[in-house]
Structures are given as C-alpha cells and as structure tokens.
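Notes to accompany the following structure.
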Amino acid sequence: MSTEQLERDLAPLAQTLRKIVIVLLVSVVGMTVAMAFLRSQGKEGWNFSEGGVVTLTALAVAIAAPLLGTVISRQVVTTNRRKLATGESDSSAGQAKKSQKKAKEADIESLAMLYQTKTIILASILHGAAYFNAIAFMIEGDLLTIVAGGLLAVGIASQFPTVTRVANWVEDQLGRLQEDRAQSR
C-alpha cells in the first residue's frame, strides 16, 4: 500500500481524533478562563507562588501527568502490538473483521485504532491534570497553576493528529509489528 493510499484510508480516523483533541483542549482553556475570571471577582485576587497545599499538589500532578501519560500510552501500544503479533485479541469482532480482510489491511486498521487509543489516553491524562490546576488556581489563586495548566494545554495541543502524522506512526508500528512477529516465532 502506498503512503498516499494509507493517508487516504487514515483520514477519517485523523479527522475524528482531531475533534476529540480539540474538545479536550477547548474545555481546559474554557475552564481556566472561567476560573481566572471568577477568581478575579473575589477579594483574594491572584498571587504568585505562595505554595499552598492544593497548589503544590496540582503542580506535582502537572509534573507527573506528562510522564505517566507517556509511560501508560507507550505500554498500551507495546502490549497491544505484541498481542496483535501473536494473534491474541480482546474482541471476537476484531477477529471476524481480520479474517475478512487482507492481513496487512487488518494490521493497519488495528494499529490505527491503537494510535487513537494512545492519543486519547495521553490527552485525557493531560486534560485531567490541567483541570486540576485550574481548580487549584480557583481555590488558592497561585499563578503558577495557570502556567502549569497552560503548559499542559500545550501538551494536549501537541497530540493534534494530522493524517501524515498518523500514517507515519502506523508505518513505524508496522515495522515494529513485523519485528514482534519475528521474535514470537
């Protein structure tokens, strides 16, 4: 299958995934703006680095979330790719589809779904941490939580899938899948 054909086949998945990432990003930005507005209306106002317990916890989560999200999403990819290599499957529907398609097309479809899964996992973990920082800002008013939330929002935006990005990832994973199959024999 040519790269152009692969990109055409993956375009609907990339479009759907873009919508998901945009919704996660817009909700974090909207929540942060709302929290900043509400905080500015109170007597407490904003401060910089007073370091309350909620702020420190939110900042710790902001540091841990990208690391955890990356580790978890990579583990999901590796585990599921190895299952695919050995012929294991969590769903009988997936097996039925696979038997009706050419092997490479079925692999591409499975890997594309895996890309979607890993992107949603990572973006969701970042989203949760960004929300927590927005809430911490609302509670304690520390601007560091806004900065951390902004950086997490950038992390969510970095997950924005283009068709080329998805196709390149799938092609890379196809190579790794072949290696996994060779090792499992």
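The values are calculated or read from the model by the stated rules, or taken from the named source; none is laboratory data. Predicted model only: the values in this text are computed from it and were never measured. Every residue, glycine as well, gets a Cβ built from its backbone with ideal geometry; the counts of neighbours run over all protein chains shown. Quick note on the areas: whole protein, heavy atoms, side chains included, nothing else; ligands and nucleic acids left out. Shrake-Rupley method; radii C 1.70, N 1.55, O 1.52, S 1.80 Å.
Using the Kyte-Doolittle scale, find the helices of the chain whose mean hydropathy is at least 1.6 and whose Cα atoms extend 15 Å or more along the helix's long axis, counting only whole DSSP H runs. What comes out of the filter, once short or polar helices are dropped, is 143-157.
Surface composition of the chain: carbon and sulfur make up 62 percent of the accessible area, probe 1.4 Å. Each Lys and Arg Cβ is given +1 and each Asp and Glu Cβ -1; about its Cα centre, the chain then shows a dipole of about 580 debye. Taking a ≥ b ≥ c as the square roots of the eigenvalues of the Cα gyration tensor, segment 1-87 is classed as oblate, since a/c reaches at least 1.5 and a/b does not exceed b/c.
For log10 I(q)/I(0) by the Debye sum over Cα atoms at q = 0.12, 0.17 Å⁻¹, pick the label among [x] -0.53, -1.11; [y] -0.66, -1.00; [z] -0.63, -1.10 that corresponds to the value derived from the coordinates. This structure yields the entry labelled [y]. Comparing 15, 75, 41 in a Gaussian network model of the chain, where Cα atoms under 10 Å apart are tied by springs, the biggest mean-square fluctuation is seen for 41.
Taken per residue, the accessible surface of the chain reaches 55 Å², heavy atoms only and a 1.4 Å probe.
For residue 15 and residue 151, the FRET efficiency from 1/(1 + (r/R0)^6), where r spans their Cβ atoms and R0 equals 25 Å, is about 0.40.
Were the residues from residue 76 through residue 60 laid out at 0.36 nm apart, the gain over their Cα-Cα distance would be 3.4 nm. Ranking 37, 12, 23 by how far each Cα lies toward the positive end of the dipole of segment 1-73 (charges on Cβ) leaves 37 at the top.
Comparing 118, 19, 43 in a Gaussian network model of the chain, where Cα atoms under 10 Å apart are tied by springs, the biggest mean-square fluctuation is seen for 43.
Per-residue SASA remark: residue 139, around 100 Å² accessible (1.4 Å probe; ligands, DNA and RNA not included). Counting charges near residue 178 (Lys, Arg +1; Asp, Glu -1) among other residues having Cβ under 12 Å from its Cβ returns a value of 0.
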